[in-house]
Amino acid sequence: MNADGNVSRRDWIKTAGVAGLTAAATSGSGAAPAATRADQVTAIGSRRELFVDNALVGSITGGARLQLNRPTPQEISLVNDRPWEGATCAYMKVFRDGDLYRMYYRGSDVIYTKDGFSTPRPEVACYAESPDGIHWTRPDLGLFEFNGSKKNNIIWMGYGAHNFAPFLDENPDCPADERIKALAGSSRRGLWAFASADGKKFRKLRDKAVIDNGFFDSLNLAFWDSVSGLYREFHRDFREGRDIRTGTSKNFLDWTASRFLDYEAHDYGTRPEGAEPIRDADPAKQMPGRVSQLYTNQVIPYFRAPHIYVGFPTRYIDRGWSYSATQLPRYGYRKLRGAKSRREGTAVTDGMFMASRDATTFHVWPESFIRPGLRAEQSWFYGDTYQNHGLVETKSMFEDGGNDLSIYVSENSHQDHPGQFRRYTLRVDGFVSLTAPLEGGDLVTKPVRFEGDRLSLNMSTSAAGSVRVEIQGKGGKPLPGYSLADAHPLYGDSLDLVAAWKGHGTNVASLSGKTVRLRFRVEDADLYSYRFETA
């Protein structure tokens, strides 16, 4: 507890980890998922585990904490300056298809006057491709005519162009001519299903909406979930503000009735006693754990740990014509935008991060994943910092640096000139890390049961820092030869550094299949993920 009497977020994690979710932590989301109970043994097998939620956290002590890590901005991927594009291009979908990286996005523009805003031309769905995820081209596809010419990268016009959302269907039973599927729709008319053999020429799979319960003025998406063996979809609706629904399907056409997501409630951090955190101008538009209105969702199974669903929603927040609003970039233009509809001038958006183990209850990190940034003109407008759907690996800027995760983000949006997409990079598995200063700190997991003969860590330390691992019995007592004193201090920077102990080396085979707890001791270090594996 802090000096002002408020429970800090770290203290909440400690309490929730040991005793399970408290009544306050479960309000608004029903019963706690079974994996959060302190006494339950979780069979992790040889899967990779990340620190993106509290599912396996037993306790955190000392100077240790879980830290949300922000991606690093890189080069501009695309400037939306083609005649069919403009200031409101958005809703990027990016995935790798063999040796090719594919990007899909909305081509659209807007004009603001004191009488409101208008779209000067119909929206279109566009396509770009890249050999490396870094250098992008817009091929002339010759599919749709724009201003008398088919020399463009348009893949769809008409209904659904607002938010055309393709994905690579990895269902092993997927027909070859449907290997890339899509959902698309608008407003309250529902989502239609599309398919393509080549990712460019799409056709409707059914001549009516396949999902019709929601409000679809956003990027609504789907994917094949290899863990459940089902298609999952996530789309927008309203529930005390902008929120997210989800449903499943066995064939992509017939979907279960959708349901709203649940959210793990948590403390908002240190603040003066009695003060409310600033989240939205209308406090009624809040729900425990949701943190803010969520405009998009961008949920996808993390490819290195497909049992974990990660999402990159857009935070939508309107704090009114405050003093700070008058100091944001281009105040005069902001006033023009808000002349008819205030929120067009006062609302702002940024990128967030959330994670789930069951695709229905999400842990939303209250802090922003991608901030609008130190920008004089090209950010801090409603419509900026929308993250793409999809995660791809791209080559590091360092020749010997391996790969990064790349995320594509909108900026310079909704202004009187073309918008653009910028690439951001993040360490592989690097969404959240267990971190501590040099004096150190510890995280002890809940009881787990693993399979394998060694423990691999994705970690980074300073020259003076280290990570050590202790393996405990279910009751918390160190197992012989695997205590913290027996552990070799690990230092360096690696995606797969193998833990070792003085008497056993790297071998943990004798503990495979048994119930244990893991104690991670970090000192001026970051631990991103861990995985038991067979050498």
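When the range 154-184 is filtered for residues that are part of a strand (DSSP E or B) and in contact with a helix residue (DSSP H, G or I) (Cβ under 7 Å, 6 or more places away or on another chain), only Ala184 remains.
Of the residues making up the range 331-347, those that are closer than 22 Å to Tyr91 by Cα and surrounded by fewer than 22 Cβ atoms within 10 Å (Cβ to Cβ) are Arg343, Glu344, Thr346.
Answer yes or no as to whether Val409 is closer than 20 Å to Val52 by Cα and either in contact with a Pro (Cβ under 9 Å, 6 or more places away or on another chain) or outside the structural domain of Leu50 (by TED's automatic domain parsing) (or both).
no
Taken over the range 250-265, the criterion of being in contact (Cβ under 8 Å) with a residue 24 or more places away in the chain and within 22 Å of Pro175 (Cα to Cα) is satisfied by Phe252, Leu253, Asp254, Trp255. Going residue by residue through the range 223-235, is there one that turns out to be modelled with pLDDT of 95 or more, part of a loop (DSSP other than H, G, I, E, B), β-branched (Val, Ile, Thr) and surrounded by fewer than 17 Cβ atoms within 10 Å (Cβ to Cβ)? Looking for residues that are modelled with pLDDT of 95 or more, part of a loop (DSSP other than H, G, I, E, B), β-branched (Val, Ile, Thr) and surrounded by fewer than 17 Cβ atoms within 10 Å (Cβ to Cβ), one finds at least one in the range 223-235, hence yes. Could you check the range 394-415 and list, in sequence order, the residues that are outside any loop (DSSP other than H, G, I, E, B) and of a type in the set (Phe, Trp, Tyr)? Residue satisfying the conditions is Tyr408 alone.
Taking every residue in the range 210-225 that is touching a residue at least 60 places away in the same chain (Cβ under 8 Å) and pairing it with any residue that is among the charged types (D, E, K, R), at least 6 positions away or on another chain, the pairs with Cβ-Cβ distances below 7 Å are Ser218/Arg236; Leu221/Glu233; Phe223/Arg232; Asp225/Arg232.
Gly142 meets all of the listed conditions (1) at negative phi; (2) at pLDDT 95 or above but one, namely (1). Scanning the range 120-167 for residues that are among the charged types (D, E, K, R) and within 30 Å of Ser396 (Cα to Cα) returns Glu129, Asp132, Arg138, Asp140.
Checking Gly190, Gly229 one by one, the residue that is within 24 Å of Glu123 (Cβ to Cβ), among the small types (Gly, Ala, Ser) and free of Cβ contacts under 8 Å to residues at least 60 places away in the same chain is Gly190 and no other. I'd like the full set of residues that are closer than 30 Å to Arg188 by Cα, among the polar types (S, T, N, Q) and out of contact with any Pro (no Cβ under 7 Å at 6 or more places or on another chain), limited to the range 118-167. Result: Ser118, Thr119, Asn152, Asn163. The residue that is surrounded by the fewest Cβ atoms within 10 Å (Cβ to Cβ), counting only those in the range 44-89 that are assigned to a strand (DSSP E or B) and in contact with a helix residue (DSSP H, G or I) (Cβ under 9 Å, 6 or more places away or on another chain), is Thr61. Annotation note: of Leu484, Leu518, the sole residue that is hydrophobic (A, V, I, L, M, F, W, C) and either surrounded by fewer than 16 Cβ atoms within 10 Å (Cβ to Cβ) or more than 16 Å from Gly45 (Cβ to Cβ) (or both) is Leu484.
Looking at Asn507, Asn458, just one residue is buried (at least 21 other Cβ atoms within 10 Å of the Cβ), touching a residue at least 12 places away in the same chain (Cβ under 8 Å), over 30 Å from Leu78 (Cα atoms) and polar (S, T, N, Q), and that residue is Asn458. In the range 511-530, is there at least one residue being closer than 17 Å to Glu49 by Cα, out of contact with any strand residue (DSSP E or B) (no Cβ under 6 Å at 6 or more places or on another chain) and in contact (Cβ under 8 Å) with a residue 60 or more places away in the chain? Scanning the range 511-530 turns up at least one residue that is closer than 17 Å to Glu49 by Cα, out of contact with any strand residue (DSSP E or B) (no Cβ under 6 Å at 6 or more places or on another chain) and in contact (Cβ under 8 Å) with a residue 60 or more places away in the chain. Return the only residue of Asn388, Asn403 being at pLDDT 95 or above, under 15 Å from the mean Cα position of the chain (by Cα) and over 19 Å from Gln293 (Cβ atoms). Residue meeting the stated conditions: Asn388.
The values are calculated or read from the model by the stated rules, or taken from the named source; none is laboratory data. Just so it is clear, the structure is predicted and the values come from calculations on it, not from any experiment. Quick reminder, even Gly has a Cβ in these numbers, built from the backbone with ideal geometry, and neighbours come from all protein chains shown.
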